[in-house]
Amino acid sequence: MDARLEKYLDRVDRYLKPLPPSERIDIVKEIKGSILEMENEGFSVEDILERLGNPKEMARAYLGDLLTGKRGFSWNRLLLVCAFYGLAGFSGMIVIPVLGIIAPTFIFCGAVVPVAGLVKYVGALFGYDLPYVIFQLGDYTMSPALGLLWSVVAGAVLLFLGKGAWELLLRYIKVVSRTKRNLSV
């Protein structure tokens, strides 16, 4: 069989991923049988590919037929759908708001804390005491120079944590979306 036809079959198989492997194999065998019949009738590779059409559309036609053909009730499908929506809904009530609040807050604080340390340090250089900007660990109050150093470190950590929380939020949303798409219900 021509390499272009093999590539076509591979693409159809890839688009049929939501189906169980046994059904995918049967569909690919059926399409391969049609291709072999057309080759025996003297069709060129280009004519065969033109008759078959877009591999994505071919797979979509099979997926539509199989999904609409399953008219019976299935407890497994019901439990799978309930488990997915229950887990996604419950975790979404916690994960999305928490990460959605933490990420921008940490990023904002990661930018503000070093600025506050710099303001305190510059104020100390010019002889001003800013009582509202204090860097304190327990009973120990840091000097403005040490406060500047630690504010830069704390700002970098907060910025890193904020970006990490944002990436986790995006990854969570992508995983839930991909799972829903692959659920094919």
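The values are calculated or read from the model by the stated rules, or taken from the named source; none is laboratory data. Since the structure is predicted, the reported quantities are computational estimates derived from the model, not experimental observations. Neighbour counts are summed over all protein chains in view; Cβ atoms, including those assigned to glycine, are modelled from backbone coordinates with ideal geometry.
Miscellaneous remarks
- Selected residue (criterion: farthest from residue 112 (Cα to Cα)) from residues of region 135-152 that are part of a loop (DSSP other than H, G, I, E, B) and more than 41 Å from the chain's Cα centre (by Cα): 139
- Sub-9 Å Cβ pairs linking a first residue in region 21-33 that is over 17 Å from residue 2 (Cα atoms) and assigned by TED's automatic domain parsing to the domain that holds residue 63 to a second residue that is exposed (fewer than 13 other Cβ atoms within 10 Å of the Cβ) and among the basic types (Lys, Arg), at least 6 apart or interchain, are 24/17, ordered by first then second residue.
- So residue 4, is it touching a Pro at 6+ places or on another chain (Cβ under 9 Å) and of a type in the set (Lys, Arg): no
- Candidates 162, 155 - the one that is touching a Ser or Thr at 6+ places or on another chain (Cβ under 8 Å), surrounded by 14 or more Cβ atoms within 10 Å (Cβ to Cβ), assigned to a helix (DSSP H, G or I) and not hydrophobic (A, V, I, L, M, F, W, C): 162
- Yes/no for residue 79 being modelled with pLDDT of 85 or more, in a helix (DSSP H, G or I) and either assigned by TED's automatic domain parsing to the domain that holds residue 162 or out of contact with any Pro (no Cβ under 7 Å at 6 or more places or on another chain) (or both): no
- For region 12-26, filtering for residues that are closer than 12 Å to residue 60 by Cα and assigned to a helix (DSSP H, G or I) leaves 4.
- Single residue of 148, 161 found to be at pLDDT below 95 and of a type outside the set (Asp, Glu): 148
- Of all the criteria given as (1) in a helix (DSSP H, G or I); (2) surrounded by fewer than 12 Cβ atoms within 10 Å (Cβ to Cβ); (3) modelled with pLDDT of 85 or more, the one not satisfied by residue 42 is (1).
- Annotation: residue 86 fulfils all but one of (1) without any contact (Cβ under 8 Å) to a residue 40 or more places away in the chain; (2) outside any loop (DSSP other than H, G, I, E, B); (3) farther than 19 Å from residue 180 by Cα; the unmet one is (3).
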